[in-house]
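First comes the structure, then the notes that go with it.
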Amino acid sequence: MADMGLVVVGAAGRMGQALIRAIDAIDGAQLAAAVERPGADELGRDAGELAGLGRLNVPITDDAEAAFSRASGVLDFTAPAVSVGFAEMAANAGIVHVIGTTGCTPEQDREIAMSAERGTIVKSGNMSLGVNLLGVLVEQAARALEAADWDIEVLEMHHRHKVDAPSGTAYLLGEAAARGRGIDLRSESVRVRDGQTGPRPRGTVGFATLRGGSVVGEHSVIIAGEGESIELTHRALDRSIFARGAVKAALWANGRPPGLYSMLDVLGLT
Ligand code: NAD
């Protein structure tokens, strides 16, 4: 079978370059095109050279529509409004769309879900095997430990350039805890604490955010009871774990019917 041709959008970004390296390393995938925003400094440069691989003869372009027309899938780690637009464009082109972008508003998530009525989309706040497995463990722990006695806190740290908080992964883990508890995360969570907060509301999921340096991503779910606590932790040491997961997701989604899938579907963890 021919290799699956993939477009990387946001090709000059931190994740974009990791995606180009992952496509190069994984059998069954090949780089069909590399797209950046209009006006980006990297337009015209070779995508392989930019990603440290040597020349691939794939110049970075800002013509996403033309790029989509000669590919079977698109890998998208850009920004929320950008991913909403690409979801519609990928559905129109009839190609798989893998979205790793985080920080979407509920309205933007609704728009992406509408595109998934016509297109095949895999979207996840974290594409690594480790974090998705951690989510399964968190859901089990939250189900087993009673809300009256055990408080759940999600702690995350990322590099100084990250623009959204809490991270997409922190939400993914918070959602897993909420599923285990049978609660709605949006109404039963505490995102920020400052000043005279009063005692901790029972049964809520708390979030705490740290930013600094070059940390790729660290997440702990702390389940604290009377006299004991449990910590479930994942450390991302390298962006390649997300990039490999995204390429795997595209290969898995190729030929599947339209719908909005998650990494749990891809990894068989549902
Ligand atoms: P980054 O800023 O380094 O890269 C984003 C790139 O997108 C930039 O190069 C930017 O120029 C490009 N871009 C913006 N608008 C565009 C457009 N219209 N067309 C084409 N390209 C465009 O950011 P990053 O660290 O690579 O992260 C990107 C996103 O991925 C963030 O939302 C981040 O939280 C998320 N992320 C997700 C995972 C995951 O596993 N789901 C892992 C890491 C990062």
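Percent of C-alpha pairs per 5 Å bin in the range 64-180, short distances first: 2, 11, 19, 18, 16, 14, 10, 5, 3, 1, 1, 0. The mean sequence distance of close C-alpha pairs (under 8 Å, at least 6 residues apart), as a share of the length of the chain, puts its relative contact order at 20 percent.
What is the sum of charges, Lys and Arg at +1 and Asp and Glu at -1, for the other residues whose Cβ falls under 12 Å from the Cβ of residue 68?
That works out to -3.
Within the set of other residues whose C-beta is less than 13 Å from the C-beta of residue 101, count the net charge using Lys and Arg as +1 and Asp and Glu as -1. Show your work: numbers first, answer last.
Values: positive: 14, 123, 162; negative: 76, 109, 111, 164.
Local net charge: -1.
When each of the peptides 250-257, 166-173 is scored by the mean number of other C-beta atoms lying within 10 Å of its residues, the order from highest to lowest reads 166-173, 250-257.
If you take the Cα centroid of the range 99-136 and the Cα centroid of the range 234-265, the two points sit 10 Å apart. When you count the other C-beta atoms within 10 angstrom of each residue and take the mean per peptide, 210-220, 91-101 line up highest first as 91-101, 210-220. In the range 1-156, the alpha-carbon atoms span a convex hull of 149 Å³ per residue. Only protein heavy atoms count here; under a 1.4 Å probe, residue 143 has an accessible surface of about 140 Å². In terms of Cα atoms, the Rg and Dmax of the range 167-254 work out to 16.0, 52 Å. In the complete set of protein chains, residue-level accessible area for residue 266 is approximately 20 Å², probe 1.4 angstrom. Considering only the Cα atoms of the range 9-72, their convex hull presents on average a projected area of 4.0 nm².
Could you work out [θ]222 nm for the chain from helices alone, using -39500 (n - 2.57) per DSSP H run of at least four and dividing by all its residues? Round to the nearest 500 deg cm²/dmol. Kindly include the intermediate steps, with their values, before the conclusion.
Details: 9 runs with 95 residues, N = 270.
The helix-only estimate for the chain comes to -10500 deg cm²/dmol at 222 nm.
Ordering 157, 15 from largest to smallest accessible area (1.4 angstrom probe), what's the sequence?
Sorted descending by solvent-accessible area, the residues read 157, 15.
Compute, for the chain, the length of the dipole vector about the Cα centre, with Cβ point charges of +1 (Lys, Arg) and -1 (Asp, Glu) only. Units Debye, rounded to 20.
140 debye
Each principal axis of the chain carries a Cα extent, and these read 60, 39, 32 Å when sorted largest first.
The values are calculated or read from the model by the stated rules, or taken from the named source; none is laboratory data. Just so it is clear, the model here is predicted, and its values are computed rather than measured. Reconstructed Cβ throughout: ideal geometry from the backbone, glycine too, with neighbour counts over all protein chains shown. What goes into the accessible areas is simple: the full protein's heavy atoms, side chains included, and nothing from ligands, DNA or RNA. Shrake-Rupley method; radii C 1.70, N 1.55, O 1.52, S 1.80 Å.
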